[in-house]
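Enquirer: Can you read through this structure? Questions will come right after.
The values are calculated or read from the model by the stated rules, or taken from the named source; none is laboratory data. Treat the numbers as computed from the prediction; the structure is a model and nothing was measured. For neighbour counting, all protein chains shown are included, and Cβ atoms are generated from backbone atoms with ideal geometry for every residue, glycine included. These area figures cover heavy atoms from the full protein model, side chains too; ligands, DNA and RNA do not enter into them. Shrake-Rupley method; radii C 1.70, N 1.55, O 1.52, S 1.80 Å.
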Protein chains: 2
Amino acid sequence: MANIQQVAEKAGVSVATVSRVLNHAASVSTKTRLKVENAIKELNYEPSMLGRNLRNSESRLLLVLLPSISNPFYTEIINGIQNTAIANSYNILLCETDSNPQRENIYFNMIKNKLADGVISMDPAVNRQKLTEIAESYPVILCSEYDEGGSIPFVTIDSELAAYQAVKHLIRLGNKKIALINSDEKFLYARQRRSGYERALKEFGLPIREEWIFHTKDLEFHNGVQAIRVLLELEEKPTAVFAVSDTLAIGALKGINGSGLHVPNDLAIIGFDNISFSNMTNPTLTTVSQPMYKMGVTAANMLIMNIKGEQVESVVLDHDLIIRESTMG
Amino acid sequence: MANIQQVAEKAGVSVATVSRVLNHAASVSTKTRLKVENAIKELNYEPSMLGRNLRNSESRLLLVLLPSISNPFYTEIINGIQNTAIANSYNILLCETDSNPQRENIYFNMIKNKLADGVISMDPAVNRQKLTEIAESYPVILCSEYDEGGSIPFVTIDSELAAYQAVKHLIRLGNKKIALINSDEKFLYARQRRSGYERALKEFGLPIREEWIFHTKDLEFHNGVQAIRVLLELEEKPTAVFAVSDTLAIGALKGINGSGLHVPNDLAIIGFDNISFSNMTNPTLTTVSQPMYKMGVTAANMLIMNIKGEQVESVVLDHDLIIRESTMG
DNA sequence: CAGCAATTTGTAATCGATTACAAAATGATT
DNA sequence: AATCATTTTGTAATCGATTACAAATTGCTG
């Protein structure tokens, strides 16, 4: 691969002039510009990002941190981020952290080393301390999961309200025994959704029973299967389930189907996220829809503004309850 | 962020010595090494990848190109790639191309610009010409989808054989009218799976009927729903369906359930890929399992060998037919 | 055509690391 | 203590771009 020197030589000009042509600087005569452009074509030259970035301290690359690409929840968010980034001449790199601090570290170093200009983190398990430290010197935006009282700007929805509305919907359908399949409450969203669940129950004078609240380790299908298995073995079985993620709800649905019970007649079920699978299950799944594409767009816009040096404000977007067959008893 | 100069100054040595400490060069006395290490800690110094890469022409970053992260098929492959990469002190960056040549170009440039040391491409739609050109100068491995007669090393399975076996399984169950839901035959795997489908039919003296072969535009659920809708409206309906992807099969299953027919009693169905969701459907889905994790590991190992300058041979891995409820009539 | 302003081009420093080579320090031997 | 081999350290070039500043060229005016 040719470098700028060789282009300059071939075109019979200095490297400065070549650089000016590359960066569309005004002060280059048409004649020399053409000479340089021809030399570039002839040599098949492409400028090295390394040299350029080293000098400019800019890479026009954005990092997107996510715990796992296997959760379809992230798909649409990433589309939103990517389209927005491209529209602003940025590119994105997806970084799967597995919620592993060492892997996170690798990607944080890319920021420190100017290999990327900013980060959008969707990883709830990320090392908060470290991220906050990074955010003091480099542009960082949190997407979906955030830090209450923290200083890093975020985009999210009102999880507490969404959970409250979902559970209220179950109550209005006549359910009095409503279980919650929650994830680990170290996550803010898990605490918020539990809080919304409890608020709805209290408001209608229903008791909060600990044995109807199940905590899963992860958000995989099998965690949902396992959760419902435990719930269905209780003396007093719930008549409805609210799961904090569609993957859990789908696992639960599978478990219920397998046990011979019928959804929604014996047991109603609501998920969260509106992933594309949720419309493929039998019955289709009632769920809370987050504006995922918009979240991605918003996060990317915020990050780009932040990179430009502007201050940005956190944003809370609207959600929707999508009612499908799993609550149409 | 401190640079190597400041560290050298603080430690009272030259930049060369600092660099030697960083790279664990032998010829540094214990005394100076400690001085330097202290200075590094005090200044919280981290070496700049840019400076290092520019000089070394090495980034220790691997690019993984995939058309869309929404297809769960890639999840396990990526795990395999990532674990192997990390074990060899490489990191991976996921690049979603949307099968868009412009986006692909961006990532190809990262290779040319030494921002990454090699590529694993899982994008069947990728610009072959360009990729072959890149592969002449830079390490490239194809994973899953490959180029027949091309020069780029690949890891894959025997799609033709897998399809043949799947269809033979349907025939043995007594099916004589077997439909194929295929994707666009511009993809090699689609042509191979069709070929396996036809071989099985021929072997058992069954006719190949064009109206039982449906081509979808993409691999999304709704494409499967649409396909089965057309197939179920035929005068002479098939009694079994082989879909070249689980996502299509799951869409088809949804469509069949919706039409009042029963799987597998009225219609048996087989998918391809063994994505995690295929075990969550009702009924669970018979499918061809590719050794995805192993494919990822193999591809990453091949790429790393290639980067080291060694020649590598293409690999064909074994697959399995996983029999579940959707063919247990 | 001299004189001056405006435009265009070139020179050389710079970004942050690595490393060949030279120089200095250390240690061993007589 | 002088000599020489070995180990350790430093100097300066280098990777490929950008850009401040200087220098050269061009165009205009009287």
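Enquirer: Longest exposed-loop-site-free stretch of chain A, with GluC sites (Glu not before Pro), DSSP loop and at most 10 other Cβ within 10 Å?
Expert: Longest stretch, sites excluded: A:1-147.
Enquirer: For segment A:169-323, what are the per-bin percents of Cα-Cα distances with bins 10 Å wide, up to the bin holding the maximum?
Expert: In order of increasing distance, the bins hold 10, 38, 32, 13, 6, 1 percent.
Enquirer: Students often get this wrong, so check it: of A:LYS130/B:LYS130; A:LYS308/B:LYS217; A:LYS112/B:LYS308; A:LYS254/B:LYS294; B:LYS176/B:LYS217, which have C-alpha atoms separated by over 32 Å?
Expert: A:LYS130/B:LYS130; A:LYS308/B:LYS217
Enquirer: Do you know the relative contact order of segment B:111-235, to the nearest whole percent, from alpha carbon pairs under 8 angstrom that are 6+ apart?
Expert: Answer for segment B:111-235 is 20 percent.
Enquirer: How much of A:LEU219 can a 1.4 Å solvent probe reach, expressed as accessible area in Å² and rounded to 10?
Expert: Accessible area of A:LEU219: about 50 Å².
Enquirer: Okay, moving on. Please sort by residue number the trypsin sites (Lys or Arg not before Pro) in segment A:209-279 whose DSSP state is loop and whose Cβ has at most 12 other Cβ atoms within 10 Å.
Expert: A:LYS217
Enquirer: Using only the Cα atoms of segment B:206-247, build the gyration tensor, take square roots of its eigenvalues as a ≥ b ≥ c, and label the shape rounded, prolate or oblate: rounded if a/c is under 1.5, else prolate if a/b is larger than b/c, else oblate.
Expert: Prolate, because a/c is 1.5 or more and a/b exceeds b/c.
Enquirer: Distance in nm between label sites at A:GLU211 and A:GLN6, each 7 Å beyond Cα in the beta-carbon direction?
Expert: Distance between the two pseudo-spin positions: 7.6 nm.
Enquirer: Given H placed on each backbone N at 1.01 Å, which residues far from A:SER314 in sequence or on other chains put an amide H within less than 5 Å of it?
Expert: Amide H to amide H, under 5 Å and 5 or more residues apart or across chains, A:SER314 pairs with A:PHE154.
Enquirer: Another question, then. Given a 1.4 Å probe and every protein chain left where it sits, what share in percent of the accessible area of segment B:4-47 is carbon and sulfur?
Expert: Percent of accessible area from carbon and sulfur atoms in segment B:4-47: 49.
Enquirer: What are the label-to-label distances in nm, one decimal and shortest first, from A:GLY258 to the same spot in the other copies, with labels 7 Å along Cα to Cβ?
Expert: Distances to the matching label points in the other copies: 2.7 nm.
Enquirer: Can you pull the one-decimal nm distance between simple spin-label points at A:SER137 and A:ASN88, each 7 Å off the Cα toward Cβ?
Expert: So the label points at A:SER137 and A:ASN88 sit 2.2 nm apart.
Enquirer: Enumerate the amide H contacts of B:LEU267 below 5 Å, restricted to partners 5 or more residues apart or on another chain; note that Pro and chain-start residues carry no placed amide H.
Expert: Distant-sequence amide H within range of B:LEU267: B:HIS262.
Enquirer: Accessible area lost on pairing A with B, both sides, 1.4 Å probe, Å² to nearest 100?
Expert: 4500
Enquirer: Label the protein assembly as shown by shape, choosing from rounded, prolate and oblate, from the square roots a ≥ b ≥ c of the eigenvalues of the Cα gyration tensor; if a/c is under 1.5 it is rounded, and otherwise prolate applies when a/b is larger than b/c, oblate when it is not.
Expert: On the way: a/c = 2.14, a/b = 1.34, b/c = 1.59.
In terms of gyration-tensor shape, oblate.
Enquirer: Counting DSSP beta bridges with both partners in chain B, what percentage is antiparallel, nearest 5?
Expert: So the antiparallel bridges amount to about 10 percent of the total.
Enquirer: Would you grab the residues whose amide H sits under 5 Å from the one on B:VAL140? Only those 5+ places off in sequence or on another chain, please, with H modelled 1.01 Å from N.
Expert: B:VAL119
Enquirer: Please state the relative contact order of segment A:220-301 as a whole percent: Cα pairs under 8 Å, 6+ residues apart?
Expert: Averaging sequence separation for qualifying contacts and normalising by length gives 27 percent for segment A:220-301.
Enquirer: Using the 7 Å Cα-to-Cβ label point, sort the distances from B:ARG128 to its equivalents in the other copies shortest first and give them in nm to one decimal.
Expert: For B:ARG128, the other copies' label points sit at 5.3 nm, shortest first.
Enquirer: If you don't mind, another one. Quick check for you: with a 1.4 Å probe and neighbouring chains kept, what is the accessible area per residue of segment A:4-47, in Å²?
Expert: 65
Enquirer: Percent relative contact order of segment B:73-131, based on C-alpha pairs within less than 8 angstrom and at least six residues apart?
Expert: 26
Enquirer: Then there's this: Label position 7 Å from Cα toward Cβ: report the copy-to-copy distances for A:GLY51 in nm, one decimal, ordered from shortest.
Expert: Sorted ascending, the copy-to-copy spacings read 1.9 nm.
Enquirer: Would you mind getting the Kirkwood hydrodynamic radius of segment A:4-47 from its Cα pairs, rounded to one decimal in Å?
Expert: Taking every pair of different Cα atoms in segment A:4-47, averaging 1/r and inverting gives 9.9 Å.
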